[in-house]
Amino acid sequence: MYPLPQSRSSAAAATAARMLSRLARPRKPQTQSAHPPDLDTLARRIILPFMPITDEEMARAAHQDRGQKLARQEMWEELAQQLRAADLTRTATPGGESGAMLLAFGARSDVVAVAEDTLYDGKAPAPDGIDALEAVGREFPDKYPIALIIALAHIDLAWAWENTPGDVDNHLSGRQAHFDQHITRAEALLAPYCGLTENAPSLAAAQCALLAARPGHGRCVADAYEDLIDLDPSSPRHMRALGQAIVPARGGSLQALELEARRTAARSGDIWGAGAYSWVYLDAVAMDPEALIFLDVPFFIDGLRDILRVSPDQHTANQLAAFCAITMRPRDGAPRAEIAAREALSGALVWILQEHLHELHPLIWTQALRRPGAAAPLPSRRALITEGRQTALRAIAALFADDIKDGSAIAFSPAGMYRLPTL
């Protein structure tokens, strides 16, 4: 039973109890009526506090800003020490992002941002920025953190060339050659080092990313990710990256995806239970909906429960709620098996809302709505927050439309979800 405010009358409490007993049952798809509910009106009856800036964002920004500041001040020795320490201690944000990788992102962000902006404007970026980083590398030839930062900058530039919008690409030449050039240079920079030997998950993750960037990587990329996940099993980021790396669009197969998801779950069961199975599939099914046909849906849902048991924070709750509500929406023309999987996974939204969500993180919902890698420039942060908040409230209102069309409301708190009857 989910709590009601103690000051409410017994009649209101009884009404709410009946409401919550209905909410606890599996949901059936809402039937289409001649007058579908106005979701914008119903969304105003969802009382869910939202956080424009979250603990996760602040933690990420702190690492990135420190990396950027140290690079701008040319304090490379200090930066290398801090990145190395973050690797050894497995420093992470509340949502599981690597502190070492965030430091490296901040350190190269100025160079990469200028290049990306130049490419988007239809021009080839000048080599000044990456050449300056290469010069730093020559000053510190035996420090893997410095080599890592430069290699990751090359990887970012490679994908910037690869993902240049089509209309812009008409004004550029040699896109594939530039991609190959940057990937080859990143490989050379990291070749002297081994992530396992250095006990450095950030280094191993970069080496996995390089393998995944090459066509026909085959079994070797799965083996590399296996080593990385064993090196840092508490991080979900590596498991999600594994799923993305082995979908058919990246040269893998759906059979390999299922195999690696189960193998990862078996190896990390003492930490995640079935959760690793879900982490591996989470981004893969967004990239390739056909993966839902191979998905063991009950096992995946068990994994979602285990993830929220291990990581009961609101960042994770929002991620999984947005996945169920937005990523798993119906898709026109989908095969019957995929439709069934989407319905089952969308149904998991009910218990995630009831048992785990009490704070809205709008940007997570915006990210679920807008596929990563979109070519169009992003709106302002305020617009993204507004869009994410509206998306979340409309999704929740649609789920409970029959229950609040009488004018009542649904409220969320750390103690649970409850109904506020019509006054």
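Find the accessible area per residue for the chain; the probe is 1.4 Å, ligands and nucleic acids are left out, and the unit is Å².
47 Å²
Before anything else, pin down the relative contact order of segment 169-314: Cα pairs under 8 Å, at least 6 apart, normalised by residue count, whole percent.
Value for segment 169-314: 17 percent.
Probe radius 1.4 Å, ligands and nucleic acids ignored: give me the carbon and sulfur share of the accessible area of segment 34-126 as a rounded percent.
Carbon plus sulfur share of accessible area: 56 percent.
Which value, in debye to the nearest 20, gives the size of the charge dipole of the chain about its Cα centre, when Lys and Arg are +1 and Asp and Glu are -1 at the Cβ?
1780 debye
When the solvent-accessible surface of protein heavy atoms is calculated with a 1.4 angstrom probe, in what order do Glu355, Glu97 fall, highest first?
Glu355, Glu97
Report, to the nearest whole %, how much of the accessible area of segment 216-318 belongs to carbon and sulfur atoms, 1.4 Å probe, protein only.
It is 54 percent, rounded to a whole number.
Counting only helical runs of four or more DSSP H residues, what would the 222 nm mean residue ellipticity of the chain come to if each run contributes -39,500 (n - 2.57) and the total is spread over all its residues?
-20000 deg cm²/dmol
Which value, in Å² rounded to 10, gives the accessible area of Arg263 with a 1.4 Å probe and all protein chains present?
80 Å²
So, taking all protein chains as they sit and a 1.4 Å probe, how much accessible area belongs to Asp180, in Å² rounded to tens?
Around 50 Å² of this residue is reachable by solvent.
Put a dot 7 Å past each Cα toward the Cβ at Thr184 and Arg214; how far apart are the dots in nm?
It is 1.3 nm.
Nearest 5 percent is fine: what portion of the DSSP beta bridges confined to the chain is antiparallel?
About 65 percent, rounded to the nearest 5.
Between Phe50 and residues 5 or more places away or on another chain, which pairs have amide H atoms under 5 Å apart, with H built 1.01 Å from N, and which residues are they?
Close amide H contacts, sequence-distant or interchain: Leu360.
At a probe size of 1.4 Å, how large is the accessible area of Ile246, to the nearest 10 Å²?
Probe radius 1.4 Å; accessible area of Ile246 about 10 Å².
Could you pull out every one of the aspartates and glutamates with an alpha carbon less than 16 Å from that of Lys143, ignoring same-chain neighbours closer than 8 positions?
Glu74, Glu77, Glu78, Asp87, Glu134, Glu187, Glu198
Can you give the relative contact order of the chain as a percent, counting alpha carbon pairs under 8 Å and 6+ residues apart?
Value for the chain: 20 percent.
Given the C-alpha centroids of segment 203-254 and segment 34-77, what is the distance between them in whole angstrom?
27 Å
In square nanometres, what is one fourth of the surface area of the convex hull spanned by the alpha carbons of the chain?
Averaged projected area of the chain's Cα convex hull equals 22.4 nm².
So how much slack lies between Gln81 and Arg263, counting 0.36 nm per residue of separation and subtracting their Cα-Cα distance, in nm?
Residue separation times 0.36 nm, minus the Cα-Cα distance, leaves 62.1 nm.
Given Cα pairs under 8 Å that are at least 6 residues apart, what percent is the relative contact order of segment 81-200?
26 percent
The values are calculated or read from the model by the stated rules, or taken from the named source; none is laboratory data. All of these numbers come straight from a predicted model, not from anything done at the bench. Every residue, glycine as well, gets a Cβ built from its backbone with ideal geometry; the counts of neighbours run over all protein chains shown. For accessibility, only protein heavy atoms count, side chains too; no ligands or nucleic acids. Shrake-Rupley method; radii C 1.70, N 1.55, O 1.52, S 1.80 Å.
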